[in-house]
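K.L.:
Pasting a structure below so you can have a look.
The values are calculated or read from the model by the stated rules, or taken from the named source; none is laboratory data. What you see is a predicted model, and the numbers here were worked out from it, not measured in a lab. Quick reminder, even Gly has a Cβ in these numbers, built from the backbone with ideal geometry, and neighbours come from all protein chains shown.
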Amino acid sequence: MAEALFLVLLILHIGAIVAWMGGAALFVSVIIPSLSKMSPASRAEFILSALPRYLTFITGSSILAIIAGLILYGYYFATSPASGFPGLTYIQAGAVLGLIVLIIALGILVPSGRKLVSLVKQGPKPQAEPTAQDPTSAQIARLQWRMGMAGRLGVGLLGIALILMIIGAS
């Protein structure tokens, strides 16, 4: 029974990490670059229809990955002797990086995305070419830039965390 619980936790943790990293990589490599190339009307429609779902997905998968990882960590050390685990430092370092990325996601990416959706909802209908003096357009561009930077930083740190976890588990 104990091994089955360990496997369920491990599969849940790894599945959530794959979803989180995949979503983050998609965001950085496809969504953010595409937004800058869309017409204002297409960009507004995409932001309103896809971005809220994306933010919910990233929030859920990142929280699930961290919670499952913490439970897995606690379960492992509750059922196994703490001595003799040479990769513990790497796993702990990976966990710290995962927590940092969670803070970046929930502290920068998600709030910026929600603000972006809110601005697009309340703003006027997008014109073919927004004027250079339009403060809403400038704020939208800053939010997109902030989300792109948070996403790129998150993908990089998640990649390092993955490498550390693999080294620690082997």
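K.L.:
Given the criteria assigned to a helix (DSSP H, G or I) and crowded, with 18+ Cβ neighbours inside 10 Å, does residue 11 qualify? Break it down into steps so the answer makes sense when it comes.
P.N.:
On the way: assigned to a helix (DSSP H, G or I): yes; crowded, with 18+ Cβ neighbours inside 10 Å: no.
The answer is no for residue 11.
K.L.:
Is it the case that region 84-91 has a residue that's small (Gly, Ala, Ser) and crowded, with 16+ Cβ neighbours inside 10 Å?
P.N.:
Kept after step one, since they are small (Gly, Ala, Ser), are these residues of region 84-91: 84, 87.
Applying the additional criterion that residues be crowded, with 16+ Cβ neighbours inside 10 Å yields none.
No; the residues of region 84-91 include none that is small (Gly, Ala, Ser) and crowded, with 16+ Cβ neighbours inside 10 Å.
The rows are residues; the columns are (1) among the aliphatic types (A, V, I, L, M); (2) over 17 Å from residue 155 (Cα atoms); (3) crowded, with 17+ Cβ neighbours inside 10 Å.
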{"residue": "4", "(1), (2), (3)": "yes, yes, no"}
{"residue": "21", "(1), (2), (3)": "yes, no, yes"}
{"residue": "31", "(1), (2), (3)": "yes, no, yes"}
{"residue": "34", "(1), (2), (3)": "no, yes, no"}
{"residue": "57", "(1), (2), (3)": "no, no, no"}
{"residue": "74", "(1), (2), (3)": "no, yes, no"}
{"residue": "95", "(1), (2), (3)": "yes, no, yes"}
{"residue": "116", "(1), (2), (3)": "yes, yes, yes"}
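K.L.:
Looking at 31, 63, 71, 100, which is the one that is in contact with a helix residue (DSSP H, G or I) (Cβ under 8 Å, 6 or more places away or on another chain), closer than 20 Å to residue 167 by Cβ and assigned to a helix (DSSP H, G or I)? Steps first, please.
P.N.:
Working: 31 fails: closer than 20 Å to residue 167 by Cβ; 63 fails: closer than 20 Å to residue 167 by Cβ; 71 fails: closer than 20 Å to residue 167 by Cβ.
After applying the criteria, what remains is 100.
K.L.:
While we're looking at this one, here's another question. Out of 24, 16, 44, 4, report the one residue that is part of a helix (DSSP H, G or I), farther than 26 Å from residue 118 by Cα and in contact (Cβ under 8 Å) with a residue 12 or more places away in the chain. First the steps, then the outcome.
P.N.:
On the way: 24 fails: farther than 26 Å from residue 118 by Cα; 44 fails: farther than 26 Å from residue 118 by Cα; 4 fails: in contact (Cβ under 8 Å) with a residue 12 or more places away in the chain.
Answer to the check: 16.
K.L.:
In addition: Among the numbered criteria (1) loosely packed, with under 15 Cβ neighbours inside 10 Å; (2) modelled with pLDDT under 90, which one does residue 40 miss?
P.N.:
Just one mismatch for residue 40, condition (1).
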